[in-house]
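Contents: one structure, followed by commentary.
The values are calculated or read from the model by the stated rules, or taken from the named source; none is laboratory data. Because the structure is a prediction, the values reported are computed rather than measured. Glycine gets a Cβ as well: all are built from the backbone with ideal geometry, and neighbour counts include every protein chain shown. SASA here: full protein model, heavy atoms, side chains in, ligands and nucleic acids out. Shrake-Rupley method; radii C 1.70, N 1.55, O 1.52, S 1.80 Å.
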Amino acid sequence: MNPRNGALEPNVTTTEGHPRTGFLFGLAAYALWGVLPIYFKAVADVPAVDIVAHRVLWSLPFLAILIAVSRGWRKVRAAAADRKTLGILCVTALLIGGNWLLYVYAVTSGRILASSFGYYLNPLANVLLGRFVLKERLGRLQWIAVAVAGAGISVFAAGALGQLWISLSLCASFALYGLLRKVVKADALTGLGIETGLLFPLAIGWLGWRFGAGAPVLGSSHLDAGLLLAAGIVSTTPLILFTAAARRLAYSTLGMLQFLAPTLQFLIGVWYGEPLKAAHFIAFPAIWLALGLYVTAVLRTPRLPQAPE
């Protein structure tokens, strides 16, 4: 942490800031992600690619303002000048862009439960990546939580086999995104700004082509236009909170926090009338039991688990 301006300094080997701050950042990020289906359902008559293009288009000026206010342009230039950092951010830009596109498609096409399943898989993937890639240590209760969650998720998979490709793709893309963002030499705002800048030419090119073809790129109503113009703030805020949390928390802890978002998505999917199957009624309590076990293990320690130095 920079003592002069409070900005996060890139650090690949240590955890930045107090882990309890990271816990709150993660909680806020996943809560906001959990209610995002309501926003996307409100613009469901707009094609998914158009929605994602607007997310990129309107996120860039919002991020530019945040970077300017935090005096972060020096860090942006430094990260962009480092070939390894820029290369990793190119990969993370493609991962998050693909994740956004598939998620918006799932929500607007009435597959919220399939997307929620994908994000239920994600915590398990994060815990395993944290253990076997980042060499983070788990206690016995954490391993029991992982086992219970895995059992519940297996039941969930059996009941959602036809849409499993959506779930697995969402899980894989976001788990890899989070892992790379944790180790890259760029803080939350810097990395997201560069990622969005890399995606911007694709977004403006797509919307320009659609406009030239006579398509209503701002939707078919004033409400659509207003919601699409707000896409930058709606999309960027939870992602900034997530990447900030990822640099403060053990990756396995971050993974277990993520159960909040798919639970909210699951409830919203039910609210929109998507059919429930027997597997949902078995898997849902199992996943929450796993979360309860993991949180209990965390609260037994004087400090939340941190990433290894």
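Figures for the structure shown
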quantity: Distance between modelled label sites at Leu24 and Trp143, nm, 7 Å Cα→Cβ extension; calculated: 3.5 nm
quantity: Computed magnitude of the charge dipole of the chain (debye, nearest 20; Cβ of K, R +1, Cβ of D, E -1); calculated: 900 debye
quantity: Per residue solvent-accessible surface (Å²) - the chain, probe of 1.4 Å; calculated: 44 Å²
quantity: Rounded if a/c under 1.5, otherwise prolate or oblate - the range 166-214, Cα gyration tensor axes; calculated: oblate
quantity: Computed lengthening from Lys277 to Ala44, 0.36 nm per intervening residue step minus Cα-Cα distance; calculated: 81.4 nm
quantity: Gyration tensor verdict on the range 46-202 (Cα atoms; rounded if a/c is under 1.5, prolate if a/b is larger than b/c, oblate otherwise); calculated: oblate
quantity: Computed E for Lys135/Thr237 - FRET, C-beta separation, R0 30 angstrom, nearest 0.05; calculated: 0.45
quantity: When the range 237-285 is reduced to its Cα atoms, the Kirkwood hydrodynamic radius in Å; calculated: 12.7 Å
quantity: Stokes-Einstein D (µm²/s) once Rh is taken as the Kirkwood radius of the chain over alpha-carbon pairs, at 37 °C in 0.692 mPa s; calculated: 165 µm²/s
quantity: Overall form of the range 37-115 per C-alpha gyration tensor (a/c, 1.5; a/b vs b/c); calculated: prolate
quantity: Alpha carbon centroid spacing (whole Å) that separates the range 49-83 from the range 205-253; calculated: 13 Å
quantity: Spin-label pair Trp288/Arg77, simplified geometry with 7 Å Cα→Cβ offset, distance in nm; calculated: 5.3 nm
quantity: Gain upon complete extension [Ser220, Val69; 0.36 nm per residue less C-alpha separation]; calculated: 50.9 nm
quantity: Trypsin sites (Lys or Arg not before Pro) restricted to the range 119-194 and DSSP loop, no more than 16 other C-beta within 10 Å; calculated: Lys135, Arg137
